[in-house]
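Colleague: My questions all concern the structure below.
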Amino acid sequence: MNLSYLDMAIVLLYILIVFFSGALVKKYIHGISDYLVADRSMDFNLGLISMMCTEIGMITYIYYAQLGYKAGFSGLMAAFPPLIAYWFLGKTGFIIKPLLEMKIMTIPEFFSRRFSKGVRFYVGIIMAIGGILNFGVFPGVEAKFINIVTGIPQTHILLTMVVLLTVVLLYTLVGGMVSVIITNYIQYALLSFGMVFITVVGLFKVNWNVILQSVTTSLGEKGINPFFPSALDGEFGIGFLIWQILLWVALLVGWQAISMRLFSSKDSRVGRKIYTWSGLMFFSRAVLPIFWGIIALAYLGNGVDSLEALPRLILKIVPSGFLGLIFAGLLAASMSTYSSYLLSWSSVVSQDIIGTIIRFVTGKDTSSKNQIIISRITMAGVMLFIIWWSLFHKLEGYLYFYLNMTGMLFIPGVLMGVAFGIYWKKSRSGGAYTAFTLGMIPPILYLILPQDIRSGWTSVMGWGGFLLAFLGMIIGSWVHNLIRPQLAEEGTK
């Protein structure tokens with residue numbers, strides 16, 4: 001084992017605190033609103049912390065560190081789009097203010113109100129597929145990280161995944177969003193310490209001149225200049241920035257794990273303030289891990305598996321005792337993300353797919369008590385699937401791009417559907433169906449084409465998905481209005 005007895009004691013203590021926090025808050029769960037959005041009682045300070053912790057998992061550090069390890073300083077371009085998107089939405093209230101005032105619990109619920117129940121069902125299916133495929137690689141990648149840091153044999157990856165997910169599942173099943181929010185306080189403290197500590201120790205171990213020389217030697221000019229060989233052709237150039245800004249605006253509107261934080265806010269003013277300040281935190285969330293990957297390149301050389309660079313760096317530079325705190329922080333980040341993602345995607349399946357089917361068959365809504373039961377059963381099913389997917393899916397290229405593209409299966413359609421649904425009175429369900437369908441085409445091509453064929457086309461496929469969804473909404477709504485101009489939408493009656 002690479003962890004000392006002190007390290008293991010720190011990690012065990014954290015797990016016990018997290019588990020019992022879920023049990024303690026169980027008495028506050030009275031209905032589905034409490035369970036999924038904490039009865040919309042989250043204030044600014046807790047919302048900011050919870051937003052940050054939810055979207056920092058162990059896998060976040062891994063994929064950003066991989067960007068730094070493989071792309072050098074050019075990878076830092078990925079840090080700017082979320083800053084821009086958060087600030088824009090927070091300051092303007094574009095889309096998010098109307099959504100908050102509607103007091104919905106899931107994004108597909110909006111489509112039911114604005115368009116039709118059929119659109120909600122269709123969106124729910126696509127969101128569930130994209131979100132669960134995105135989430136599906138987490139256990140395998142993170143279990144490998146845990147095994148390297150702790151010294152557990154790689155042959156025990158399945159066991160590591162099962163133990164990690166079971167602990168998260170238990171405390172999330174009990175407390176829902178309230179449990180997730182309560183534990184975020186502890187996780188935030190550990191995360192803050194870990195991010196600062198790794199950065200400082202890394203710079204102490206590796207001289208800045210050595211870092212620059214290593215990037216130049218290993219990666220050449222493309223490791224320093226993101227616009228190499230030109231602003232249009234560079235892997236992290238103009239096309240990448242356009243895609244990523246659109247992607248992040250869409251994620252902040254339609255990514256269920258994020259939007260659930262928004263919907264848990266006390267009111268629209270608090271929600272907008274949370275978004276405005278989250279931009280700076282998300283900028284740091286990207287910059288520091290990318291920089292760790294660059295340090296790993298300088299310290300370990302370029303002969304390491306890029307997904308293993310960060311855990312091997314941490315194992316080399318962090319002393320015993322501190323390793324337990326760092327590992328507990330990383331585990332905290334991972335468990336927070338797992339709990340939120342399990343809750344988020346199971347809620348889409350239970351509320352927007354199963355709930356829609358039940359309403360169609362019986363003609364009435366499911367009781368709040370039964371909705372919670374269905375959500376918990378769905379959560380367990382999601383967990384079993386992602387264990388299977390992690391074991392058998394082979395990742396190629398940047399993990400960051402895989403995660404982007406699985407989200408892109410529904411994100412372009414969500415952005416266009418919500419934006420046009422709120423601000424364009426002539427938008428119709430035909431446009432929503434077409435936007436989602438066309439927007440899926442580029443990411444599907446990315447996911448099924450071999451790496452050597454899709455290489456160099458990633459950014460084009462990225463912004464191309466948004467362009468197709470935009471055209472789909474306009475053309476589909478125009479055709480719908482042409483064919484059925486007299487009929488009001490079911491969801492707006």
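We did not get these values from a lab; they are worked out from the coordinates using the rules stated. The structure presented is a predicted model; accordingly, all values stated were derived computationally and were not measured. Cβ coordinates were reconstructed from backbone atoms using ideal geometry, including for glycine residues, and neighbour counts include every protein chain displayed.
Colleague: Applying the Karplus parametrisation 6.51 cos²θ - 1.76 cosθ + 1.60 with θ = phi - 60° to the phi angles of segment 127-136, what ³J(HN,Hα) value in whole Hz is obtained for each residue in order, glycine and proline being reported as x?
Modeller: 5, 5, 5, x, x, 6, 5, 5, 5, x
Colleague: Another question about this same structure. Whole-Hz Karplus ³J(HN,Hα) for segment 60-75, in order, using 6.51 cos²θ - 1.76 cosθ + 1.60 and θ = phi - 60°, x for Gly and Pro?
Modeller: Running phi through 6.51 cos²θ - 1.76 cosθ + 1.60 with θ = phi - 60° gives 4, 4, 5, 6, 6, 5, 5, 4, x, 5, 8, 10, x, 5, 4, x Hz.
Colleague: Okay, next question. Students often check this: by mean Cβ neighbours within 10 Å, which of 343-352, 389-398, 123-132 ranks highest, and how do the rest follow?
Modeller: Values: 343-352: 26.2, 389-398: 14.0, 123-132: 23.0.
The densest-packed peptide leads the list: 343-352, 123-132, 389-398.
Colleague: For an R0 of 60 angstrom, estimate the FRET efficiency from the Cβ-Cβ distance between LEU159 and LEU467 and round to the nearest 0.05.
Modeller: Working: r = 45 Å, r/R0 = 0.75.
Given R0 = 60 Å and the Cβ-Cβ separation, E is 0.85.
Colleague: For the chain, what is the mean residue ellipticity at 222 nm derived from helices alone (per DSSP H run of n ≥ 4: -39500 (n - 2.57); sum divided by total residues; nearest 500 deg cm²/dmol)? Mind dumping the intermediate values first?
Modeller: Working: 23 runs with 370 residues, N = 493.
Per the formula, -25000 deg cm²/dmol.
Colleague: List the residues whose amide H sits under 5 Å from the amide H of SER4, counting only those 5 or more places along or on another chain, with H placed 1.01 Å from N in the peptide plane.
Modeller: GLY321
Colleague: Follow-up. Show me the ranking of peptides 431-441, 136-146, 272-282, 411-421 by mean Cβ neighbours inside 10 Å, starting with the highest. Before the final figure, lay out each step's value.
Modeller: Numbers: 431-441: 25.2, 136-146: 23.1, 272-282: 20.8, 411-421: 27.7.
So the order, starting with the most tightly packed, is 411-421, 431-441, 136-146, 272-282.
Colleague: So if each residue of separation counts as 0.36 nm, and I subtract the Cα-Cα distance between LYS369 and LEU13, what length gain in nm does that give?
Modeller: 124.9 nm
Colleague: Separate question: Which order do peptides 8-15, 369-376 fall in by mean Cβ count within 10 Å, highest first? Before the final figure, lay out each step's value.
Modeller: Details: 8-15: 16.2, 369-376: 17.8.
Ranking, from highest mean packing down: 369-376, 8-15.
Colleague: Return one number: the angle in degrees, 0 to 90 and rounded to the nearest 10, between the long axis of the Cα atoms of helix 138-150 and the longest principal axis of the Cα atoms of the chain.
Modeller: So the inclination is approximately 20 degrees.
Colleague: To continue, here is another question. What FRET efficiency, computed as 1/(1 + (r/R0)^6) with R0 = 35 Å and r the Cβ-Cβ distance, is obtained for TRP478 and ILE377, rounded to the nearest 0.05?
Modeller: On the way: r = 42 Å, r/R0 = 1.19.
The pair TRP478/ILE377 has a calculated efficiency of 0.25.
Colleague: For the Cα atoms of the chain, what angle does the longest principal axis make with the long axis of helix 208-219, in degrees from 0 to 90, nearest 10?
Modeller: 70 degrees
Colleague: On to the next question. With a/c under 1.5 counting as rounded, go ahead and sort the chain into rounded, prolate or oblate using the C-alpha gyration tensor (a ≥ b ≥ c being the square roots of the eigenvalues; past the cut-off, prolate if a/b is larger than b/c, else oblate).
Modeller: On the way: a/c = 1.88, a/b = 1.29, b/c = 1.46.
It is oblate, given that a/c is not under 1.5 and a/b is not larger than b/c.
Colleague: Checking the table LYS117/LYS394; LYS117/LYS425; LYS97/LYS394; LYS273/LYS364 against a 29 Å threshold on Cα-Cα, which pairs fail? Don't skip to the end; give the middle numbers.
Modeller: Values: LYS117/LYS394 36 Å; LYS117/LYS425 18 Å; LYS97/LYS394 40 Å; LYS273/LYS364 37 Å.
Checking Cα-Cα distances, LYS117/LYS394; LYS97/LYS394; LYS273/LYS364 exceed 29 Å.
Colleague: With the cut-off at 1.5 for a/c, could you classify segment 361-493 from its C-alpha gyration tensor as rounded, prolate or oblate? Walk me through the numbers on the way to the answer.
Modeller: Working: a/c = 3.07, a/b = 1.16, b/c = 2.65.
Since a/c reaches 1.5 but b/c is at least a/b, the shape of segment 361-493 is classed as oblate.
Colleague: Still on this structure, please answer the following. Given the C-alpha centroids of segment 410-427 and segment 102-135, what is the distance between them in whole angstrom?
Modeller: Measuring centre to centre over Cα atoms gives 12 Å.
Colleague: Quick check on segment 45-136: take the gyration tensor over C-alpha atoms, sort the square-rooted eigenvalues as a ≥ b ≥ c, and tell me if it's rounded (a/c under 1.5), prolate or oblate.
Modeller: Numbers: a/c = 2.30, a/b = 1.56, b/c = 1.47.
Since a/c reaches 1.5 and a/b is larger than b/c, the shape of segment 45-136 is classed as prolate.
Colleague: Okay, next question. Nearest 10 degrees is fine. How inclined is helix 322-347 to the longest principal axis of the chain, computing both from alpha carbons?
Modeller: Roughly 20 degrees, rounded to the nearest 10.
Colleague: Enumerate the calculated ³J(HN,Hα) couplings along segment 289-295 in order (Karplus 6.51 cos²θ - 1.76 cosθ + 1.60, θ = phi - 60°), each rounded to whole Hz, writing x wherever the residue is Gly or Pro.
Modeller: x, 4, 5, 4, x, 5, 4
Colleague: Could you tell me the relative contact order of the chain? Use alpha-carbon pairs under 8 Å, at least six residues apart, and round to a whole percent.
Modeller: On the way: 810 pairs, mean separation 152.1, N = 493.
For the chain, the relative contact order is 31 percent.
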